[in-house]
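Below: the structure, in structure tokens.
The values are calculated or read from the model by the stated rules, or taken from the named source; none is laboratory data. Remember, it's a predicted structure, so these values are computed and weren't measured experimentally. Here Cβ is always computed from backbone atoms with ideal geometry, including for glycine, and neighbour counts include all displayed protein chains. When the accessible area is computed, the model is the full protein with side chains, heavy atoms only, and any ligands, DNA or RNA have been set aside. Shrake-Rupley method; radii C 1.70, N 1.55, O 1.52, S 1.80 Å.
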Amino acid sequence: MIYYRGAFRETDNVIYFKSEVPLAENDVILLGEKKYFVESVEKEFVLLQRVGSIITVQMPT
């Protein structure tokens, strides 16, 4: 179990959470019903960005 401290760019909001797997840049994590994009990871500190809707699109062939 890995314990993380997450912060949001340009805010003083900090959240604490744990994960069973190591997080990496560009991961998307779910905390409750909210989705967050991991901008960067430094040891147990992650910089997060809130994600809106995730949409499935198709590329023309």
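Could you check how much of the accessible area of the chain is carbon and sulfur, as a whole percent, using a 1.4 Å probe? Each step should come with its number before you reach the end.
Working: 2590 of 5150 Å².
Carbon and sulfur atoms account for 50 percent of the accessible area of the chain.
List every residue whose amide H lies under 5 Å from the amide H of residue 51, counting only residues 5 or more places away in sequence or on a different chain, with H placed 1.01 Å from N in the peptide plane.
Distant-sequence amide H within range of residue 51: 35, 36, 37.
Near residue 25, within a Cβ-to-Cβ distance under 13 Å, what is the net charge of the other residues, with Lys and Arg +1 and Asp and Glu -1? Intermediate results must be reported in sequence, preceding the final value.
Working: positive: none; negative: 27, 39, 42.
Net local charge, residue 25 excluded: -3.
Pulled fully out, how much extra length does the chain show between residue 58 and residue 1, if you take 0.36 nm times their separation in residues and subtract their Cα-Cα distance? Spell out each step's value before the answer.
Values: separation 57, 0.36 × 57 = 20.52 nm, distance 3.65 nm.
Stretched out fully, the residue 58 to residue 1 stretch lengthens by 16.9 nm.
Counting Lys and Arg as +1 and Asp and Glu as -1, what is the net charge of the other residues whose Cβ lies under 12 Å from the Cβ of residue 45?
Values: positive: 5, 43; negative: 39, 42, 44.
Around residue 45, the charge tally is -1.
Using the Cα atoms as the points, what is the convex hull volume per residue of the chain in Å³? Provide the component values of the computation, followed by the final result.
Numbers: hull volume 7.2 nm³, N = 61.
Cα convex hull per residue, to the nearest whole number: 117 Å³.
Would you mind calculating the relative contact order of the chain from Cα pairs under 8 angstrom and at least 6 residues apart, reporting the percent as a whole number?
On the way: 99 pairs, mean separation 18.3, N = 61.
This gives 30 percent for the chain.
If you roll a 1.4 Å probe over the heavy atoms of the protein chains, what accessible area per residue do you get for the chain, in Å²?
Numbers: 5150 Å² over 61 residues.
Heavy-atom accessible area per residue stands at 84 Å².
Suppose the chain between residue 24 and residue 11 were pulled fully straight at 0.36 nm per residue; how much longer would it get relative to their current alpha carbon spacing?
Working: separation 13, 0.36 × 13 = 4.68 nm, distance 2.16 nm.
Stretched out fully, the residue 24 to residue 11 stretch lengthens by 2.5 nm.
Taking loop as defined by DSSP and a crowding limit of 11 other beta carbons within 10 Å, which GluC sites (Glu not before Pro) in the stretch 1-47 fit? Please list the in-between numbers first.
Numbers: sites: 10, 20, 25, 33, 39, 42, 44; in loops: 10, 20, 25, 33, 44.
Loop-located and lightly packed - 10, 20, 25, 33.
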